[in-house]
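Working notes, beginning with the structure itself.
The values are calculated or read from the model by the stated rules, or taken from the named source; none is laboratory data. Worth saying up front: this structure is predicted, and the values here are computed from it rather than measured. As a convention, Cβ positions derive from the backbone with ideal geometry for all residues, glycine included, and neighbour counts pool all protein chains shown. Only protein heavy atoms, including side chains, enter the accessible area calculation; ligands, DNA and RNA are left aside. Shrake-Rupley method; radii C 1.70, N 1.55, O 1.52, S 1.80 Å.
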Protein chains: 2
Amino acid sequence: MLPYEHFGYIGAMTDSPNEVTPDRLSQADALPPSDQHAQQYAAVRNAHETELLEDYVELIADLLEHQGEARSTDIAARMGVSQATVSKTVTRLKSLGLVSSKPYRSLFLTEKGEAMAAMSNQRHAIVLQFLRALGVSDRIARIDAEGMEHHVSQETLDIMQRFTREQESRSS
Amino acid sequence: MLPYEHFGYIGAMTDSPNEVTPDRLSQADALPPSDQHAQQYAAVRNAHETELLEDYVELIADLLEHQGEARSTDIAARMGVSQATVSKTVTRLKSLGLVSSKPYRSLFLTEKGEAMAAMSNQRHAIVLQFLRALGVSDRIARIDAEGMEHHVSQETLDIMQRFTREQESRSS
DNA sequence: CCTACAAGTTAACCTTGGCTAAAATACTAG
DNA sequence: CTAGTATTTTAGCCAAGGTTAACTTGTAGG
């Protein structure tokens with residue numbers, strides 16, 4: 001198991017991309033008031049807390065649907081993480097009432113877990129389809145969607161969905 | 001060794017129980033191969049590692065530009081976090097060669113830090129303007145951009161930028 | 001010059017999410 | 001039924017990013 005594939009930032013940083021018309025982009029915006037600024041960061045921190053849980057729950061739902069059962073081994077392989085880590089996280093998911101299972105047996109979602117999975121899945125799909133509709137390649141769209149999905153508000157989701165729909169009807 | 005593939009053994013079951021999602025979204029997308037799937041999650045984990053560092057560096061750059069100096073107090077207020085946390089994180093930033101400062105004095109970016117700030121800022125701006133061009137309200141666009149910016153690949157950034165440009169020229 | 005308050009640091013603690021190694025349990029041939 | 005392999009869990013480690021509380025340092029006012 002070699003979980004860490006390196007897409008390192010520091011390395012990628014050096015090849016500065018094409019200039020982005022700095023005059024219009026950057027320094028026009030003044031800093032927002034402190035408290036509002038803080039709320040933005042708080043929102044991100046908050047998203048981070050649930051992100052991993054959502055990913056697990058979503059993956060478990062996918063496995064249940066596509067393979068009939070959700071086993072720790074498969075989760076570990078798909079998440080690129082050791083089984084021990086999965087075990088520990090699942091314990092947490094259970095304590096949060098999202099997952100149920102008997103020791104040494106495969107996993108199930110509680111109602112709460114299924115609700116979360118459904119929402120998460122839907123968001124994921126909307127973001128993924130939106131990126132594709134925008135013209136992003138499939139491989140990249142998948143990666144970006146995985147990272148973005150937890151940080152997209154309902155308002156933006158609605159707009160993305162509308163965009164995708166229009167794009168599709170236009171191209172058909 | 002004998003890798004007993006436990007993959008085939010569920011093949012016959014084909015449960016396919018529920019159809020929860022609306023069929024527009026239900027993407028008959030099968031699961032991607034495990035290793036590819038793992039890479040997606042690895043990319044997200046990787047982004048998380050640098051996310052906070054980028055946020056700090058970006059904020060420090062903003063403060064230097066708009067207020068002439070970057071003090072821990074301001075950072076703490078803007079990040080919505082205690083000063084102790086800032087102090088600890090700054091220590092880490094220093095050890096990574098992104099920030100420099102003398103004890104009890106305000107902060108500066110190294111060249112490396114400035115490069116990171118510039119890139120980060122650029123990405124942030126592209127995402128923010130894209131969201132606005134899409135029609136997302138300012139307040140929400142700011143929040144979403146803050147969360148999304150670290151998860152958007154170069155390919156997607158380019159596409160976003162093109163979209164924003166087209167949108168603007170169309171409306172002028 | 002000295003003192004009080006603001007700002008920065010340090011210490012001690014917590015939770016999360018990784019890891020490896022080892023123990024416990026389940027499964028499948030033979 | 002038993003042995004051997006596969007899977008799951010447990011134990012012990014680590015770093016990151018939070019917290020409070022206590023301590024140090026910087027800086028203005030009297």
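Worth a mention:
- Look at the Cα gyration tensor of the stretch B:52-92: its axes a ≥ b ≥ c give a/c of at least 1.5 with a/b over b/c, and that counts as prolate.
- Size descriptor, Kirkwood hydrodynamic radius, that averages inverse alpha-carbon separations across the stretch B:38-171, Å: 16.0
- In the stretch B:73-137, trypsin sites (Lys or Arg not before Pro) in a DSSP loop with at most 12 other beta-carbon atoms within 10 Å: B:R105
- Largest-first principal axis extents of the Cα set of the stretch B:44-121 (Å): 33, 24, 22
- Between copies, B:Q167 shows label-point distances of 1.2 nm, shortest first, with the point placed 7 angstrom from Cα along Cα to C-beta.
- Relative contact order (%) - criterion: Cα under 8 Å, at least six apart; region: the stretch A:34-171: 22
- Other copies of B:Q154: label-to-label distances in nm, shortest first, labels 7 Å along the beta-carbon direction: 3.8
- Cβ-vector label at 7 Å, A:P33, separations to other copies in nm: 5.4
- A:D35 exposes around 110 Å² of accessible area when a 1.4 Å probe is run over every protein chain in place.
- The listed residues B:E54, A:E54 rank as A:E54, B:E54 when sorted by accessible area, largest first, using a 1.4 Å probe.
- Apportionment of accessible area to carbon and sulfur, the stretch A:34-171, percent (1.4 Å): 50
- For the stretch A:83-127, the calculated P(r) over all alpha carbon pairs, in 5 Å bins from 0 to the bin holding the longest distance, is 5, 22, 24, 21, 16, 9, 2, 0 percent.
- Eligible lysines near A:K102 by straight Cα distance, threshold 29 Å, same-chain separation 8 or greater: A:K88, A:K94, A:K112
- Applying 0.36 nm per residue to the separation of A:S171 and A:S82 and subtracting their alpha-carbon distance, the gain on full extension is 27.7 nm.
- For the stretch A:34-171, the solvent-accessible area with a 1.4 angstrom probe is 47 square angstrom per residue.
- When the surface is traced with a 1.4 Å probe over the full set of protein chains, B:S82 keeps roughly 60 Å² accessible.
- Sparse packing (at most 13 other Cβ atoms within 10 Å of the Cβ) combined with a DSSP loop state is found for the following chymotrypsin sites (Phe, Trp or Tyr not before Pro) in the stretch B:80-172: B:Y104.
- A versus B: buried accessible surface, summed, Å² (probe 1.4 Å, to nearest 100): 7200
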